[in-house]
Amino acid sequence: MTKYVLGLFLLFGASFHSQALELVTARVTVLESTYLPGKITFQIDKSTSQCPAGTWIQWSKNEENNKAVYATLLAALSSQNRINLYFDESDTKCKASYLHILRN
């Protein structure tokens, strides 16, 4: 019974912290490495609800993650593959939360 109650608590507790995400599928047009490894800035060819096309998008997590994401963005820019970028619905600073590279 305790496991059942604990499971319900975790299930309902997790649902209160969920946020809606905005998805944009775009191509990387500019990638700046100046602020690595602390932060990545780049531009895409599509707009989001808060960020017009050509706005500097930010990515800033831990240094290892930033390096991996930079390599992914560089591959997308070099190959002209599209990416899926996810933003928190409440984002006002053009800071991406999740990233996928897509095959052409």
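Bear in mind that the values in this text are calculations on the coordinates, not laboratory data. What you see is a predicted model; the values in this text were computed from it and never measured.
On full extension, the segment bounded by LYS67 and THR25 gains 13.0 nm, given 0.36 nm per residue less the C-alpha separation. Taking 0.36 nm per residue of separation and subtracting the Cα-Cα distance, full extension of the segment from TYR35 to THR55 would add 5.5 nm. Normalised by residue number, the volume inside the convex hull of the Cα atoms of the range 45-104 is 84 Å³ per residue.
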